[in-house]
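The values are calculated or read from the model by the stated rules, or taken from the named source; none is laboratory data. All values derive from a computational prediction rather than experimental measurement. Note: ideal-geometry Cβ built from the backbone for every residue, glycine included; neighbour counts use all protein chains shown. Keep in mind that these areas ignore ligands, DNA and RNA; they rest on the heavy atoms of the full protein, side chains included. Shrake-Rupley method; radii C 1.70, N 1.55, O 1.52, S 1.80 Å.
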Amino acid sequence: MKKIYIIIAAVIGTILAGSCTGDLDQKPVIGNTADKVYSNIEGYRSVLAKIYSAYSLIGAERGGGSADISSETGQDMLRVIFNLQELPTDEAAYKYNSGDNLQNISYINWDATDTWVSDAYYRLYYIISLSNELLRYCTDDAIAGFDDATRTEIRTYALEARFMRAFTYYWVLDFFGKGPYVTEDTPMTAFIPEVYDGTQLYDFIKSEIDAIAPQLPDVPSYARAGKGAAYALGARLAINGRTYTGQSHDTEAIDYCKKVMALGYSLEPDYRKLFNADNDRRTNEIIFAFATDNANSATWGSATYVIAGSCPNDGDDVTALYGVGSAWGNFSTRGEFTSVFGDGDGRFLFLTDGRSEFFTDGIESAAQGYRSIKWTNLDDNGAQACITDIGVNTDFPIFRLAEIYLTAAEAVLRGGSGMSRTEALGLVNSVRERAYGNSDGNITDAQFNLEFIIDERARELYHECHRRTDLVRFSRFTTSAYIWQWKGGVLDGRAVDARYNIYPIPATELSANPNLKNELY
């Protein structure tokens with residue numbers, strides 16, 4: 001059955017790791033004792049499923065009941081990431097800022113008490129804690145009592161848990177620039193963890209990728225980590241290396257991209273099918289995704305949030321357009337973003353009728369800003385995939401081949417070695433040919449520059465949780481180099497303080513861990 005792995009087995013009950021200040025590696029509290037949970041392969045499998053699902057679900061019950069951790073926003077990890085990555089940028093204009101406490105995120109004016117920033121921090125460390133918990137029971141001594149086949153399976157689970165931990169540490173690094181370092185070997189009580197800076201976190205994540213990638217499968221089970229996911233994480237880490245460490249890692253980025261491409265992925269011919277309810281069939285391009293479905297893992301977040309949140313609630317037939325039964329109307333886009341699309345670009349998937357592209361009023365004005373219809377709960381035949389009381393059947397792609405192509409091209413333009421400029425241009429044009437359906441959108445070598453790449457990433461990857469990171473990397477997020485409407489809280493936009501290139505460590509954590517400081521805040 002599709003996505004069945006993500007159901008959390010009842011054998012472990014609800015994992016309730018505290019959001020914890022002061023001890024970020026508290027051992028999760030499990031309904032059964034640890035000895036019982038890890039006495040059979042089903043227990044290990046259930047904990048691994050919990051680690052994967054912690055990005056999409058907030059608790060053990062349908063729609064978020066029995067929440068895993070205390071949360072000020074009460075939202076899942078992917079919804080939090082989307083808000084922090086998209087809402088401060090040109091790709092989203094939030095309509096309920098005051099009601100959802102998102103004014104400061106939308107206007108790039110947050111501080112160390114922001115609830116969304118705090119939830120990002122504690123949810124990330126909750127997932128790290130889950131991963132460490134599983135890894136403690138994957139040592140040779142811990143699994144000595146199992147037969148050879150079971151030990152082999154558990155060791156594979158350990159590799160996946162290490163990938164998920166590395167992926168989660170990546171978000172700690174990207175959002176906060178530093179963070180407490182905790183692993184399965186960290187004492188669980190009476191210990192204040194040391195803080196790793198950007199270079200130390202970068203080196204740790206890279207070392208984990210390099211250690212586990214060769215041991216992961218070339219073709220993993222759907223929505224589970226394989227070589228491609230690990231190398232794709234390495235490529236994303238490396239292309240942002242200047243931001244994190246102050247040093248170029250562009251050659252590393254090219255190397256990781258080539259390793260992904262060597263695994264045989266190919267671009268999906270139909271761009272829209274990458275974001276519909278049958279996108280679990282798109283394993284030719286989607287390298288790794290978080291799987292959800294209405295029947296088994298219903299959530300108000302993940303792709304549900306992107307789809308229902310994009311839906312305008314001013315009269316359009318949202319069931320036909322989006323495959324959902326109700327429109328939330330959470331966000332539109334800002335005109336500077338939608339204006340980067342050229343005529344004939346099939347990725348221009350927006351509702352425009354009756355809407356202005358640019359704002360003349362407040363950011364919450366319902367009819368200002370185009371509405372995206374990129375993500376849907378429609379199947380390949382255009383029919384509603386499920387009746388949505390809660391949740392959709394659309395998975396959330398995390399790594400796609402198109403991102404790898406654009407990352408490799410950017411790394412070449414930034415001076416990385418290992419790929420020729422001609423090869424890199426060819427990768428970009430293959431993405432463009434998919435977008436246009438022919439070669440009409442192809443660019444020449446003279447047009448192939450970093451200015452083009454940042455716009456092409458916007459066209460290809462919008463609403464996939466890339467934009468803030470990309471703008472920071474191109475020195476456009478806080479500076480006057482790129483201004484969009486309502487940037488900095490004013491209609492015509494303005495530059496903001498450079499400290500907003502990272503988010504602050506929550507004030508509650510500063511008071512609990514004396515090793516932490518917010519030097520910029």
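Could you grab me the full set of residues in the range 90-115 that are open to solvent by less than 30 Å² (accessible area, probe 1.4 Å), among the β-branched types (Val, Ile, Thr) and under 15 Å from Pro506 (Cα atoms)?
Scanning the range 90-115 gives Ile105, Thr115.
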Original post:
Which of the residues spanning the range 91-131 are among the charged types (D, E, K, R) and within 18 Å of Pro312 (Cα to Cα)?
Top reply: Glu91, Lys95, Asp100
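For every residue, the table says whether it meets (1) modelled with pLDDT under 95; (2) touching a Ser or Thr at 6+ places or on another chain (Cβ under 9 Å); (3) charged (D, E, K, R).
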| residue | (1), (2), (3) |
| --- | --- |
| Trp110 | no, no, no |
| Ile127 | no, yes, no |
| Ala142 | no, no, no |
| Arg162 | no, yes, yes |
| Gly179 | no, no, no |
**OP:** Select from the range 358-367 the residues that are in contact with a Lys or Arg (Cβ under 9 Å, 6 or more places away or on another chain) and more than 12 Å from Asp314 (Cα to Cα) and list them in ascending order.
**Re:** Phe358, Phe359, Ile363, Glu364
Subject >> Lone qualifier among Gly99, Gly179 - being farther than 23 Å from Ala229 by Cβ and either among the small types (Gly, Ala, Ser) or in contact with a strand residue (DSSP E or B) (Cβ under 7 Å, 6 or more places away or on another chain) (or both) >> reply: Gly99
Original post:
In the range 474-492, how many are crowded, with 22+ Cβ neighbours inside 10 Å and assigned to a helix (DSSP H, G or I)?
Top reply: 1
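Of the residues Leu406, Leu461, Leu401, Leu413, which single one is out of contact with any Gly (no Cβ under 8 Å at 6 or more places or on another chain), modelled with pLDDT of 95 or more and open to solvent by 10 Å² or more (accessible area, probe 1.4 Å)?
Criteria check complete, one pass: Leu413.
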**OP:** Taking only the range 416-445 into account, find how many residues are touching a Ser or Thr at 6+ places or on another chain (Cβ under 7 Å), surrounded by fewer than 19 Cβ atoms within 10 Å (Cβ to Cβ) and in a loop (DSSP other than H, G, I, E, B).
**Re:** 2
